[in-house]
Amino acid sequence: MDALQAIIKRRSVRRYTDEPVSDETIQELCRIALLAPTDSMSQAWSLIAVTDAGTREALSELVIDGGAKYFAQMRPPKEGTSAAEHSAWAREYAEGAIGSMRKAPAWIAGLLVPRNLMPNAKDVERDANMTSVGFMFENLMVAARAMGLGTVPMVFHRFHEQRFKDLLDIPDEVEVPLLSPLGVPEEFPTSLPPALQKIRRPWKTLVHTDGWGNPLQSAD
Ligand SMILES: Cc1cc2nc3c(=O)[nH]c(=O)nc-3n(C[C@H](O)[C@H](O)[C@H](O)COP(=O)(O)O)c2cc1C
């Protein structure tokens, strides 16, 4: 699959099979990810590939539980439900939506490793570092799609950030903005879920010509 097709066909994959992925493939994906542009050539990044079965299991539980916390916050409780009932609903929803990630043969974490090169412009440096980590992760996700593998950028681990860092021995100063399962999907989604499709803005409303306020297509 060529690069354009891989970009077009990449979709967030949330349902996985337990089909194995070789260490060579995982390493090749990491190598390609790290070809991304990096501010000041700082390489303020790293990846952790998790394949050990016990660690994957602990990680999956933490992510699914973090997902439940996310859904409990993002979806309003049904009228008349108690906080405990709403939490139980969110837990069940997370199980249905991402429970199959337990089967994925690997998880990949994208790390921001500060290099402290710009002491007088720390915010600029951090934003540039974070952007670079995003580019790196996109490389990985697009390359994975080209190889027939699924990914989804996730932040659910951040609802249990310290537990997550302890599990992988990540030092305090290192941030983990992104995490993804890596594996063979049950199937590749060909479109967004209906709820997300509904809120997708037409791309022409997001492209302005010669300055803000002149989009290719009006938003309304
Ligand atoms: C920074 C970032 C964080 C995300 N976090 C999550 C997440 O925690 N859980 C999840 O299921 N999807 C997450 N997503 C995936 C988005 O929901 C998804 O990219 C978006 O709905 C568009 O769908 P697509 O990736 O199939 O194009 C995240 C995406 C980005 C860019």
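The values are calculated or read from the model by the stated rules, or taken from the named source; none is laboratory data. Please read these numbers as outputs of a predicted model, since none were measured by experiment. No Cβ is skipped: glycine too gets one built from the backbone with ideal geometry, and neighbour counts run over all protein chains shown.
Mind listing just one residue for me: the one in segment 38-49 that is in contact with a helix residue (DSSP H, G or I) (Cβ under 9 Å, 6 or more places away or on another chain) and more than 18 Å from Ala144 (Cα to Cα) and, of those, surrounded by the fewest Cβ atoms within 10 Å (Cβ to Cβ)?
Residue satisfying both the conditions and the ranking: Ser40.
For Asn129, are the conditions met, namely being away from the ligand (no atom under 14 Å from the Cβ) and buried (at least 21 other Cβ atoms within 10 Å of the Cβ)? Working first, answer last.
On the way: away from the ligand (no atom under 14 Å from the Cβ): yes; buried (at least 21 other Cβ atoms within 10 Å of the Cβ): yes.
Here the answer is yes, as Asn129 does meet what is asked.
Looking only at residues in segment 164-182 that are touching a residue at least 24 places away in the same chain (Cβ under 8 Å) and more than 15 Å from the ligand (Cβ to nearest atom), which one is surrounded by the fewest Cβ atoms within 10 Å (Cβ to Cβ)? So that I can check it myself, show each step before the final result.
To start, the set of residues in segment 164-182 that are touching a residue at least 24 places away in the same chain (Cβ under 8 Å) comprises 164, 167-168, 170, 173-182.
Adding the requirement that they be more than 15 Å from the ligand (Cβ to nearest atom) leaves 167-168, 170, 173-174.
Values: Leu167: 15, Leu168: 18, Ile170: 19, Glu173: 9, Val174: 17.
Once the filter is applied, the top-ranked residue is Glu173.
Go through segment 1-86 and tell me which helices (runs of 4 or more DSSP H), entirely inside it, have 3 or more residues that are hydrophobic (A, V, I, L, M, F, W, C) and within 15 Å of the ligand (Cβ to nearest atom).
Values: elements: 3-9, 23-33, 53-74.
Of the helices (runs of 4 or more DSSP H) lying wholly inside segment 1-86, those with at least 3 residues that are hydrophobic (A, V, I, L, M, F, W, C) and within 15 Å of the ligand (Cβ to nearest atom) span 3-9, 53-74.
Which condition from (1) loosely packed, with under 14 Cβ neighbours inside 10 Å; (2) within 16 Å of the chain's Cα centre (by Cα); (3) farther than 16 Å from Lys9 by Cβ is the one that Arg200 breaks?
Arg200 satisfies every listed condition except (2).
When Ile170 is evaluated against the numbered criteria (1) among the aliphatic types (A, V, I, L, M); (2) within 24 Å of Gln217 (Cα to Cα); (3) not in a helix (DSSP H, G or I), which criterion, by number, is the only one it fails?
(2)
Residue check: is Arg75 modelled with pLDDT of 95 or more and in the same structural domain as Glu173 (by TED's automatic domain parsing)? Steps first, answer last, please.
Numbers: modelled with pLDDT of 95 or more: no; in the same structural domain as Glu173 (by TED's automatic domain parsing): yes.
Here the answer is no, as Arg75 does not meet what is asked.
Could you check how many residues of segment 173-195 are under 19 Å from Met130 (Cα atoms) and not in a strand (DSSP E or B)? I'd like the intermediate steps shown before the answer.
Here is the first cut: in segment 173-195, the ones under 19 Å from Met130 (Cα atoms) are 173-180.
Keeping just the survivors that are not in a strand (DSSP E or B) gives 173-174.
Matching residues across segment 173-195 total 2.
Please verify whether segment 144-160 includes one or more residues that are more than 16 Å from the ligand (Cβ to nearest atom), buried (at least 16 other Cβ atoms within 10 Å of the Cβ), assigned by TED's automatic domain parsing to the domain that holds Arg11 and not in a loop (DSSP other than H, G, I, E, B).
no
Sort out which residues of segment 101-143 are assigned to a strand (DSSP E or B) and not small (Gly, Ala, Ser), and write them in order of number. Show your work before the answer.
To start, the set of residues in segment 101-143 that are assigned to a strand (DSSP E or B) comprises 106-112.
Correct list: Trp107, Ile108, Leu111, Leu112.
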